[in-house]
Structure formats: C-alpha cells, structure tokens
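Peer 1: Below is the structure I would like to discuss, written out as structure tokens.
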Amino acid sequence: METDYYEILGVACEASSEDIRSAYFQAVRLFHPDANPSPQAHERFLRIQEAYGVLSTPHKRKEYDSQMPAESKISPIKVSIQYSRSAVQAISEPQFMYALVEFAGTQDLDSAQIPPTVYCIAIDRSTSMAGERMDMVKSNLMQFIRQLRPQDLIIIVTFSDRAEVVVPLSRVSDANRVDQEISMISTGGGTEIFRGLETGMNLLRVSRIGRSQRILILLTDGHTYGDEDDCYELARSAGAEGITIHGIGLGADWNDEFLDKLSTLAGGSATFISQGKDLKRFFESQARNSSILYSRNMRFEYEIGDNVELCYGYRLAPDTSPLVIENPLVFGNLFFGKTLRVLLEFRISPLPEETHFLRLAEGKLWVDLALSNNSAPKKLGFRLNRSVNQSMETELPNSALVDALARLTVYRMQEKARQEVVDGNIESASRHLQHLATHLLAAGDRDLAHAVLIEAEHIRQSRRFSQDGGKRIKYGTRSLIHFDELELDL
C-alpha cells in the first residue's frame with residue numbers, strides 16, 4: 001500500500017476510535033492553513049484529512065485494513081509516554097517539560113532463533129598499560145571468555161600506534177588456545193584509539209553470522225590525540241549497523257567525555273575501572289546479562305517545534321547513560337523481555353498568545369528488528385506534543401517520573417559542578433559538591449560522600465577536578481541511578 005493512513009496520523013494500527021480522533025485534532029492544530037500557511041503544511045493537512053476520513057468511518061477502515069499486509073497490522077514497538085504536566089502553560093517566561101518514554105517489543109522470542117553474540121575486545125597496549133594493569137586485563141578477559149555461551153564467538157584486537165589482530169574470529173569453546181594468545185600480549189607505543197576501533201569494526205562487519213549480535217568492548221587507560229572526530233564517525237556508523245560499543249576506562253588518565261560520547265553514539269555506555277574487582281564485575285555482568293537483541297540501536301530522526309529546545313536526554317534502562325543531543329537522537333538497543341527507557345528535557349520559550357498546541361518533537365523512529373527476515377529498518381511515526389492552556393490548576397506529576405527526576409538530580413549536580421569549574425565559578429561548584437555530599441550521606445553512601453567532600457576542597461585549592469576524584473564522582477553517582485529497577489506505571 002502506497003499510503004499508510006495510520007502513520008500519517010501517528011497512531012498504531014490497533015488504535016481505538018478515540019485515539020484516532022485525538023491524534024487527528026492534534027495534527028489539525030499544527031497543520032491547518034489558518035495556523036500554518038506554508039505550502040508543505042497545506043499538503044500535510046490534506047493528507048491528514050484523507051487519513052481521518054477513512055480511519056474514522058468504520059466500514060472504510062475495515063476495508064482499508066483488509067488491504068494491509070499482515071505484518072503491517074501490528075506495530076513491532078509499543079510506546080508509552082508520561083509527561084511532567086498534562087499541558088503547557090501559557091506564561092511569559094521560559095518553562096521546562098519532561099517526557100519519560102518507554103519502548104517495549106511486541107513480538108515473542110522463538111527459542112530456536114536465539115543467535116550467537118560476537119564480542120570484539122579492543123585492548124589498548126600502549127606503554128602505560130604495562131605491568132599490573134595489563135595483567136588485570138588478561139586474567140579477567142580469560143575468565144570472561146569461559147563464562148560465555150557455547151555458541152558465542154570472540155575476536156581480540158590490540159592497538160597502540162598500530163593495530164594487531166591477536167585472536168581472529170574464534171569459538172569460545174577454543175578457550176585454551178585463546179588464553180595462550182592473550183598471555184602473549186605485550187605493551188609499547190602510544191595510544192591511537194581510532195586504529196583499534198577501525199580494525200575491530202572491520203572484523204565485526206565481516207564476521208556477522210546470521211542474525212548475531214555484535215559488541216565491541218574498548219579498554220583503554222589514556223587519551224587519544226587528533227583522531228577523536230574520526231572515532232565519533234566510526235561510532236555513528238557502528239550504531240547504524242547495529243554494532244554496540246562499550247567503553248572501559250582503566251585508571252584515572254583517560255578522557256571520560258570522549259569515551260562517554262563514543263559509547264553512547266553506538267548504543268553503549270562507558271564504565272570507570274579503578275581496580276581489578278571493578279573489571280571482574282563488568283565482565284561478569286556482560287556474561288550474566290547477555291540479552292537477546294530485539295531492535296538494534298533505535299534512533300529518533302526529528303524536528304523540534306517552534307519555541308522549543310531539546311536540552312537534555314538520558315537513557316535510564318537497560319543501562320544508564322547521558323544521550324548525545326544531535327539529530328538523529330540515538331536511544332540505544334532494545335532487548336527481548338526488557339524495556340528501553342529515556343528521559344527527555346525540553347525548554348519552552350514564552351509562547352505567542354494565540355498558541356493552543358505545541359509540537360515538542362516529531363519525526364521517525366528507526367526500528368531495526370534483529371531477528372526479522374526483512375533486513376530493512378522500519379520507520380515509525382513518533383510524536384511528542386502537548387496542548388497549551390491559558391490557566392492551569394495545580395497537578396501532581398506521575399510518581400515514576402518524579403522518582404526518575406529525583407534520582408537523576410544527584411548525577412546532574414556533579415554535571416553542574418563540572419561546568420561551573422570550566423566557567424571559573426569555583427565557589428558555586430564547591431557549594432554544589434557539598435550539597436551533593438549531603439544527598440549521598442542521606443542515602444547512606446558514606447564513601448562516595450567522603451570522596452565528594454575531598455574533591456570540593458581540591459577544586460578550591462587547584463581550581464579544577466582531580467583526574468581520579470572527578471571520575472569517581474561522575475561514575476559513582478551514575479551507578480546509583482538504578483533505573484532498571486523502577487516499576488513504571490505508564
């Protein structure tokens with residue numbers, strides 16, 4: 001069928017008559033010629049009228065549905081959205097709107113379809129990795145391989161100022177041979193992360209087995225110099241191809257902003273490792289929580305409404321990571337039996353008096369079903385809209401959203417302090433860290449609170465965060481979020 005009336009209105013095929021009517025009136029407010037005189041809006045308005053004329057008439061909708069392909073009648077993704085307020089208030093000052101979005105798969109998993117996972121481990125072998133640090137990586141990597149499923153596969157790459165394939169694509173059942181190759185890894189040279197990433201990516205591209213899940217785990221203890229933008233472009237390509245990148249920072253000297261952005265662009269997350277037990281815990285979590293991929297690296301290609309700015313985004317589950325605010329907005333992977341949850345923050349400028357409806361963000365959600373026989377990603381309509389009221393009564397927001405914001409506030413306190421240090425507002429940064437320590441003490445985390453107070457004194461003396469303390473606070477507060485444990489009633 002050339003025209004998808006459900007997509008035009010932005011509703012699922014199983015939408016009720018009330019859902020269709022509500023979506024129609026929202027769309028009309030945006031694209032009616034009286035509200036939007038552009039030629040593109042007029043054409044969109046005519047299509048909306050046509051779609052509503054069919055879907056709002058029972059016998060026409062029945063006839064239309066009978067012509068739809070069977071696979072088009074059920075959306076592969078269930079989307080639930082909870083807003084911080086039921087409507088935007090028409091006021092003469094900026095305001096914020098929060099959207100808590102939950103994605104879940106609608107298809108069941110056939111146990112006969114469970115594919116293997118291909119892991120590529122890219123290890124920084126620069127001179128700074130010599131000694132205990134490399135020994136820690138080797139021993140924990142050997143244990144990790146023995147915890148994987150028999151059908152999984154492993155690739156190991158090392159890099160410094162050049163990359164080397166230590167273990168080509170191998171089954172984990174060949175662990176003894178792999179151990180021998182790992183034990184022979186030596187150190188030397190500088191750190192050029194792009195070389196390791198590129199080699200690992202190329203091997204994962206040619207090593208795809210059926211519908212296998214592909215994960216690249218990058219371990220580094222240092223900065224890369226001059227190739228950051230190339231690494232970001234490679235990460236964007238990885239995300240689009242369904243390859244997940246997890247960044248592991250060892251010690252205190254690596255670039256956390258770089259590794260965060262790199263991992264998030266490819267649907268993964270960054271982790272701070274200060275000692276061997278942290279790395280052991282990470283690998284055990286990877287092996288234990290090895291989930292079956294439902295949709296590869298979902299992303300939102302969007303347009304923002306007038307007087308609206310998307311300020312902040314955070315992935316709450318299945319793992320936690322700040323989102324990179326760019327277009328498309330990468331949400332990450334969706335797994336069978338799990339939910340993908342994101343929190344979005346919109347800043348709304350003062351609205352013209354005649355505004356009755358506000359488009360926050362509207363566009364296409366890219367869904368790439370991992371086990372589908374059809375390799376082409378689906379593009380689903382996805383809209384975040386709110387009505388505008390001249391006067392509003394006080395209302396209590398959804399408790400799950402309040403809880404999410406409260407937990408995230410602790411992490412954002414240290415973000416604010418970091419920015420204030422960059423801006424030279426040292427006293428304000430120190431006060432924010434002291435407030436953060438108070439929150440942590442109230443939550444019972446005395447060790448992290450103590451580290452925060454030490455760092456507050458450090459920035460007063462040196463006017464900057466310490467390498468070790470800054471990372472402990474950043475990733476320590478992030479680990480406290482635990483949004484995967486929230487019970488969301490959306």
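Peer 1: Going by average Cβ density within 10 Å per residue, which order do the peptides 427-438, 264-275 take, highest to lowest?
Peer 2: 264-275, 427-438
Peer 1: Which whole-number value in Å³ per residue fits the convex hull of the alpha carbons of segment 424-478?
Peer 2: It comes to 64 Å³ per residue, whole-number rounded.
Peer 1: Accessible area per residue, 1.4 Å probe, Å², for the chain: what's the number?
Peer 2: That works out to 46 Å² for each residue.
Peer 1: Working from the pairwise distances between different alpha carbons, so that the mean of 1/r is found and then inverted, what is segment 273-429's Kirkwood radius in Å?
Peer 2: One decimal place: 18.8 Å for the Kirkwood radius.
Peer 1: For the chain, find the longest principal axis of its Cα atoms and tell me its angle to the long axis of helix 467-479, 0 to 90°, nearest 10.
Peer 2: Result, in degrees: 50.
Peer 1: For segment 304-370, rounded, prolate or oblate, judged on the Cα gyration tensor with a ≥ b ≥ c (square roots of eigenvalues), a/c < 1.5 rounded, else prolate if a/b > b/c?
Peer 2: Because a/c hits 1.5 or more and a/b exceeds b/c, segment 304-370 counts as prolate.
Peer 1: Give the whole-number value, in cubic angstrom per residue, of the convex hull volume spanned by the C-alpha atoms of the chain.
Peer 2: Hull volume normalised by residue count: 167 Å³.
Peer 1: Compute, for the chain, the length of the dipole vector about the Cα centre, with Cβ point charges of +1 (Lys, Arg) and -1 (Asp, Glu) only. Units Debye, rounded to 20.
Peer 2: Here the size comes out at about 860 debye.
Peer 1: Rg/Rh for segment 1-99 to two decimals, with Rh computed the Kirkwood way over all alpha-carbon pairs.
Peer 2: Expressed as Rg/Rh, it is 1.03.
Peer 1: Order 8-15, 170-177 from most to least packed using the mean count of other Cβ atoms within 10 Å.
Peer 2: By packing density, highest mean first, the sequence is 8-15, 170-177.
Peer 1: Let me ask something else. What is the diffusion coefficient of segment 269-322 in µm²/s, taking the Kirkwood radius over Cα pairs and the Stokes-Einstein relation at 20 °C with a viscosity of 1.002 mPa s?
Peer 2: After rounding, the answer is 147 µm²/s.
Peer 1: State the three equivalent ellipsoid semi-axes of segment 108-164, derived from the C-alpha gyration tensor as the square roots of 5 times its eigenvalues, in descending order and whole Å.
Peer 2: 30, 14, 7
Peer 1: Right, something else. Taking segment 391-490 on its own, what percent of its Cα-Cα pair distances exceed 17 Å?
Peer 2: Pairs farther apart than 17 Å: 53 percent.
Peer 1: Please say if segment 14-53 is rounded, prolate or oblate, where rounded means a/c under 1.5 for a ≥ b ≥ c the square roots of the C-alpha gyration tensor eigenvalues, and otherwise the choice is prolate for a/b larger than b/c and oblate otherwise?
Peer 2: Since a/c reaches 1.5 and a/b is larger than b/c, the shape of segment 14-53 is classed as prolate.
Peer 1: Nearest 500 deg cm²/dmol is fine: what mean residue ellipticity at 222 nm does the chain get from its DSSP H runs of n ≥ 4 alone, each adding -39,500 (n - 2.57), divided by its residue count?
Peer 2: That calculation yields -12500 deg cm²/dmol at 222 nm.
Peer 1: Could you give the size of the charge dipole of segment 28-178 about its Cα centre, using +1 on the Cβ of each K and R and -1 on the Cβ of each D and E, expressed in debye and rounded to the nearest 20?
Peer 2: In debye, rounded to 20, segment 28-178 gives about 180.
Peer 1: Further question on the same structure: Under the classification rounded if a/c is under 1.5, otherwise prolate if a/b is larger than b/c and oblate if not, where does segment 238-289 fall, given a ≥ b ≥ c as square roots of the Cα gyration tensor eigenvalues?
Peer 2: Note, shape of segment 238-289 comes out oblate.
Peer 1: In the chain, with Lys and Arg counted as +1 and Asp and Glu as -1 at Cβ, which of these residues, Tyr64, His223, Asn176, has the Cα nearest the positive end of the dipole, that is, farthest along it?
Peer 2: The residue sitting most towards the positive pole is Asn176.
Peer 1: Report in % the part of the accessible area of the chain that belongs to carbon and sulfur, leaving out ligands and nucleic acids; probe 1.4 Å.
Peer 2: 47
Peer 1: Related question: How much of the DSSP beta bridge set in the chain is antiparallel, as a percent to the nearest 5?
Peer 2: 65
The values are calculated or read from the model by the stated rules, or taken from the named source; none is laboratory data. Nothing here was measured: the structure is a model prediction, and the numbers come from that model. Because the Cβ atoms are built from the backbone with ideal geometry, glycine has one as well, and the counts that use them run over all protein chains shown. Just so you know, the surface numbers come from the protein's heavy atoms only, side chains and all, with ligands and any DNA or RNA stripped out. Shrake-Rupley method; radii C 1.70, N 1.55, O 1.52, S 1.80 Å.
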